[in-house]
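Readers should treat all values here as calculations from the given coordinates under stated rules, not as data from a laboratory. Remember, it's a predicted structure, so these values are computed and weren't measured experimentally. Please note: Cβ atoms are built from the backbone with ideal geometry, for glycine as well, and neighbour counts cover all protein chains shown.
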Amino acid sequence: MLLDYLTGDSDKETKSTAQGDISSALQTCSSFSQTFISWDITHCISHEVFLQAAARLLFHHASIGPFRPALIREQLTRFLNIFPQNTTLLQLYTWNESRIRIDNRVRNILLSTILTTGNDTLTSRLFAIQYEIRHGTIHSARSAFEHALSSSSSKSSAGLWKFYMIYCLETPQFCAQAKDVWYRALRACPWAKELYMIGFEKMSDMLPFSELKSIWRIMGEKDLRVHVDLEERFEDIAELENTAREQRRLGHR
């Protein structure tokens, strides 16, 4: 494939003096890929690595001179149909489409090929979320989170739940919903100490004392290695709250 790129002279694609013959290289690529398919080893690691190499050659070719975006799209679509879980191929596909700003093509291939049953993976879901954060709206990003957390491939990912919580906390329109997301996360991943702690660290001003106390005790019941005994501190806070309520009651009188 590289030899044909460097020495071929088919003149089927416009090129500069710095570029090789991408058409001849892709013809060799297609022929070798068909060999894998004919051997009934379509999804073997060697085939995937080979197509990644072909995708990098396409990227190199497009980076140093003129090229047809349709050619890149056609080849990467074929590669992704064979290896829909390969985020390197997906990233290059997105790069090609971002140059002409037709975002629907990226969303279409995500929905039609990448995130379908049997191909759906956590890494692909994370890619879809990051794509919407960068190129979509806050609402499309939130929708991507919700779809990911309803998928069997990623609904038990503590890291993804934490990502969603932080996104809500840092997005003013969704900040009020962070508490609900936190409780959903704890139900989905009751073993994940980091999810409990993010509530104490980032949402203590949004939660009543009684709820924080209840969550801390649940952590102890689940043996989540609570290193600091807060019982006395909780009692002090409760006493202060009672005193404040009594003072307010007397003040009203």
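All C-alpha pair distances within the range 17-95, sorted into 5 Å bins from zero, spread as 3, 15, 29, 25, 17, 8, 3, 1 percent across the bins.
Between THR171 and ILE215, full extension at 0.36 nm per residue minus the direct alpha carbon distance yields a gain of 13.4 nm. Taking only the Cα atoms of the range 39-186, the radius of gyration and Dmax are 17.1, 56 Å.
With the highest mean first, a sort of the peptides 86-93, 167-174 on other beta-carbon atoms found within 10 angstrom per residue produces 86-93, 167-174. Give the calculated FRET efficiency between LEU122 and GLU74 to the nearest 0.05, with a Förster radius of 45 Å applied to their Cβ-Cβ distance. So the FRET efficiency works out to roughly 0.95. Here the extension length gained between ARG187 and LEU2 equals 61.4 nm, from 0.36 nm per residue of separation less the Cα-Cα distance. Shape class for the range 171-218, computed from the alpha carbon gyration tensor (a ≥ b ≥ c): oblate, with a/c not under 1.5 and a/b at or below b/c. In the chain, the convex hull through the Cα atoms has an average projected area of 19.6 nm², a quarter of its surface area. Translational diffusion coefficient of the range 128-177 (Stokes-Einstein, Kirkwood radius from Cα pairs, 10 °C, 1.306 mPa s): 145 µm²/s. Placing +1 on each Lys and Arg Cβ and -1 on each Asp and Glu Cβ, with no other charges, gives the chain a dipole about its Cα centre of roughly 600 debye.
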